[in-house]
1. Scan segment 8-39 residue by residue and report those that are assigned to a loop (DSSP other than H, G, I, E, B) and either at pLDDT below 95 or outside the structural domain of residue 206 (by TED's automatic domain parsing) (or both).
2. Applying the selection to segment 109-120, what residues are out of contact with any strand residue (DSSP E or B) (no Cβ under 6 Å at 6 or more places or on another chain) and buried (at least 20 other Cβ atoms within 10 Å of the Cβ)?
3. If I ask for residues that are crowded, with 18+ Cβ neighbours inside 10 Å and more than 14 Å from the chain's Cα centre (by Cα), which ones from segment 78-97 would you list?
4. I'm trying to understand the selection: among the residues of segment 157-173, which are assigned to a helix (DSSP H, G or I) and at pLDDT 95 or above?
5. Among the listed residues 289, 251, 277, 262, identify the single one that is surrounded by fewer than 18 Cβ atoms within 10 Å (Cβ to Cβ), outside the structural domain of residue 148 (by TED's automatic domain parsing) and at pLDDT 95 or above.
6. With surrounded by fewer than 23 Cβ atoms within 10 Å (Cβ to Cβ) and under 30 Å from residue 35 (Cβ atoms) as the only criterion, which of 215, 164, 200 stands out?
7. Is it the case that segment 239-250 has a residue that's without any contact (Cβ under 8 Å) to a residue 60 or more places away in the chain, outside any loop (DSSP other than H, G, I, E, B), under 17 Å from residue 89 (Cα atoms) and under 20 Å from the mean Cα position of the chain (by Cα)?
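The values are calculated or read from the model by the stated rules, or taken from the named source; none is laboratory data. In this text, all values refer to a predicted model and were calculated from it rather than measured experimentally. Glycine also receives a Cβ, built like all others from the backbone with ideal geometry; neighbour counts cover every protein chain displayed.
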């Protein structure tokens with residue numbers, strides 16, 4: 001048993017899914033170190049993303065809306081560590097903060113709510129989503145489908161579909177599973193819709209100078225998840241993607257290395273470029289190189305959506 005006192009303060013958003021994930025982290029730490037449940041205190045922090053629900057994230061500050069208040073609480077030492085859905089964490093983090101651990105990754109797929117498959121949706125159907133990736137991927141497959149802004153927690157989005165506000169929506173399978181809603185929706189195959197970078201992963205951050213907390217968290221970090229997600233984040237950084245940029249990416253362990261597959265699209269899905277790379281673990285340069293290769297192959301219409309394309313020679317896609 002590793003003793004610690006007083007209780008460690010775990011910061012989290014207050015949504016039902018965020019609280020489930022915070023309890024997953026707390027339970028894992030207590031189990032790993034033999035602590036009683038009182039050893040960790042969960043501290044809920046209201047984020048801008050939770051407060052503002054009527055506009056797209058890209059229009060009001062991007063992913064920082066999910067993290068900046070938790071970052072401030074960490075830096076001010078009001079909390080000892082923070083839990084995040086990794087796909088909501090910006091690629092460039094404050095220098096004072098480090099990603100210290102990740103729990104084992106869950107199902108990375110999206111689930112369609114409202115129909116058994118995209119093919120089953122009526123002609124001209126309306127699909128609710130706030131994700132440029134999902135919108136682009138759906139419209140690539142079904143150009144007749146209209147997408148409309150859809151914000152709110154899982155329960156809110158499900159209620160909107162039930163009320164008929166839209167024909168369908170897409171939600172992360174991992175979030176539904178963690179909320180005990182494994183039977184809701186129909187999983188979309190990965191060769192049909194690639195997930196967002198880091199989808200399905202829960203990450204834990206602490207201060208870069210907090211060696212004690214880093215030591216505690218090392219005991220619960222899943223190395224395969226950590227290496228794969230960090231490769232996806234390195235790709236994202238190289239692309240210069242933001243909340244307007246449709247990006248799908250998935251890394252998986254292949255032998256002693258990582259296979260990273262990625263695609264970038266135009267907003268309407270009419271154009272896309274995909275590629276893959278196999279490289280040694282803990283090699284962010286190789287993941288970055290894949291991002292640069294995608295941009296070199298992409299058309300001007302795609303490249304315009306990615307800041308990482310600004311220093312590349314202007315080549316049309318093959």
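1. Result: 13, 14, 15.
2. 118
3. 79, 80, 81, 82, 97
4. The one that is assigned to a helix (DSSP H, G or I) and at pLDDT 95 or above: 173.
5. 289
6. Being surrounded by fewer than 23 Cβ atoms within 10 Å (Cβ to Cβ) and under 30 Å from residue 35 (Cβ atoms) holds for just one of 215, 164, 200, which is 215.
7. Checked segment 239-250: at least one residue is without any contact (Cβ under 8 Å) to a residue 60 or more places away in the chain, outside any loop (DSSP other than H, G, I, E, B), under 17 Å from residue 89 (Cα atoms) and under 20 Å from the mean Cα position of the chain (by Cα).
Listed here are the residues, each with its yes/no results for (1) closer than 29 Å to residue 71 by Cβ; (2) in contact with a strand residue (DSSP E or B) (Cβ under 6 Å, 6 or more places away or on another chain); (3) not in a loop (DSSP other than H, G, I, E, B).
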| site | (1), (2), (3) |
| --- | --- |
| 217 | yes, yes, yes |
| 221 | yes, yes, no |
| 264 | yes, yes, yes |
| 269 | no, no, no |
| 289 | no, no, yes |
| 301 | no, no, yes |
